[in-house]
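Below is one structure, written out as structure tokens; comments come after it.
Values in this text are rule-based calculations from the coordinates and carry no lab data. Everything numeric in this text was worked out from a predicted model, so none of it was measured. For neighbour counting, all protein chains shown are included, and Cβ atoms are generated from backbone atoms with ideal geometry for every residue, glycine included.
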Amino acid sequence: MTEKKVELVIVTGMSGAGKTVAIQSFEDLGYFTIDNMPPALVPKFLQLVETRKDNDKLAMVVDMRSRSFFSEIQNVLDEIENDEELNFKILFLDAADKELVARYKETRRSHPLAADGRILDGIKLERELLAPLKNLSQNVVDTTELTPRELRKVIAQEFSDHDESQGFRVEVVSFGFKYGLPLDADLVFDVRFLPNPYYQPELRNQTGLDKAVFDYVMNHPESEEFYQHLLALIEPILPGYQKEGKSVLTIAVGCTGGQHRSVAFAQRLADDLQQHWSVNSSHRDKDRRKETVNRS
């Protein structure tokens, strides 16, 4: 059986055209990414990668920040093209001069080729120098009218592995309000209004993952009614988050201590969503204990 080749994407192009957004997009797609790789080090790094086979998808930014860029890049590209272990592509990002000037003025940064002169002079010089590399590129993307979200979408459509997940997943986490909100939560739901298993002595030291606690929480009519409304709210909006280019949506469900009600609800939600989505579940405070009175 023929070994799978390493997928390599070199991201380059005009300074200010969106290379930072691009390399972040490749990372979300499961690529091993490197920013600002000196051209001379590319072949050596690829030799290491081909030996280890830890990751068969690589993306690296090679651009004007590397001072030796123009003197070395052509030799490097020739060497890569002759490597039979690689599937190699160049992604060249471009934008109109007017838009590049506006972006530089917005960020108040100097152009790498115009440190002592006008931004536009640096852009024109860079465009002239990069013209041969642009002609070699298999993928040229003009980002003049693209938002960062739209650029991520373009890259995902071109470079994602369609045999795998499209890079969007749902994280469902339970927590206790007494310990604070999860910092990374996008959506937060409060189930403290539901009957509390803490007041049942035989359930107090169990969690929402135990059948007895799960049944106690869910067998109340108000619990089932709330859960069905919650599921009906979340399921239709997930495609929208995916379409907007979000890679992870974190849904947090909280009760007082994060041991009983929130755990049961979060796990049920995760199990149901998993039928159609990539879902991970976690229970931040499930096993947390305090010597003081714990009303979960």
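The table below lists the values:
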item: Sorted peptide list for 227-236, 250-259, 202-211, criterion being average Cβ within 10 angstrom, highest first; result: 250-259, 202-211, 227-236
item: Proximal charge balance of Pro182 [Cβ under 11 Å; K/R count +1, D/E count -1]; result: -3
item: Charge sum, other residues only, whose C-beta stays under 10 Å from Gly258's C-beta, Lys/Arg counted +1 and Asp/Glu -1; result: +3
item: Percent RCO, i.e. relative contact order, over the chain, from Cα pairs under 8 Å lying at least 6 residues apart; result: 20 percent
item: Candidates per chymotrypsin sites (Phe, Trp or Tyr not before Pro) in the range 125-211, loop by DSSP, up to 15 other Cβ within 10 Å; result: Phe193
item: Net length gained if the chain between Arg169 and Arg118 were fully extended (0.36 nm per residue, minus Cα distance); result: 13.9 nm
item: Listed peptides 142-153, 85-96 by packing density, highest first (mean Cβ within 10 Å); result: 85-96, 142-153
item: Kirkwood-based Rg to Rh ratio, the chain, C-alpha trace; result: 1.13
item: Förster radius 30 Å - calculated FRET efficiency between Thr107 and Phe32, Cβ distance, rounded to 0.05; result: 0.65
item: GNM flexibility winner over the chain from Thr12, Thr20, Thr33 (Cα, springs under 10 Å); result: Thr20
item: Cut-off 17 Å (backbone N to label point 7 Å along Cα→Cβ of Tyr199), residues of the range 222-237; result: 222-223
item: Local electrostatic count, Thr144, Cβ distance below 9 Å [Lys/Arg +1, Asp/Glu -1]; result: -3
item: Label point at Glu224 placed 7 Å out along Cα→Cβ; residues across the range 175-218 whose backbone nitrogen lies under 14 Å; result: 215-218
item: Relative contact order, percent, the range 6-159 [alpha-carbon distance under 8 Å, six or more residues apart]; result: 34 percent
item: Greater than 27 Å apart at Cα, pairs in Lys178/Lys211; Lys44/Lys98; Lys57/Lys246; Lys124/Lys243; Lys19/Lys124; result: Lys44/Lys98; Lys124/Lys243
item: Asp190 paired with Asn87, simple spin-label distance in nm, labels 7 Å along Cα-to-beta-carbon; result: 5.0 nm
item: Segment Thr147-Glu235, extension gain: residue separation times 0.36 nm, minus the distance between their alpha carbons; result: 29.0 nm
item: Ellipticity estimate at 222 nm from DSSP helix runs (n ≥ 4, -39,500 (n - 2.57)) divided over the chain, nearest 500; result: -13000 deg cm²/dmol
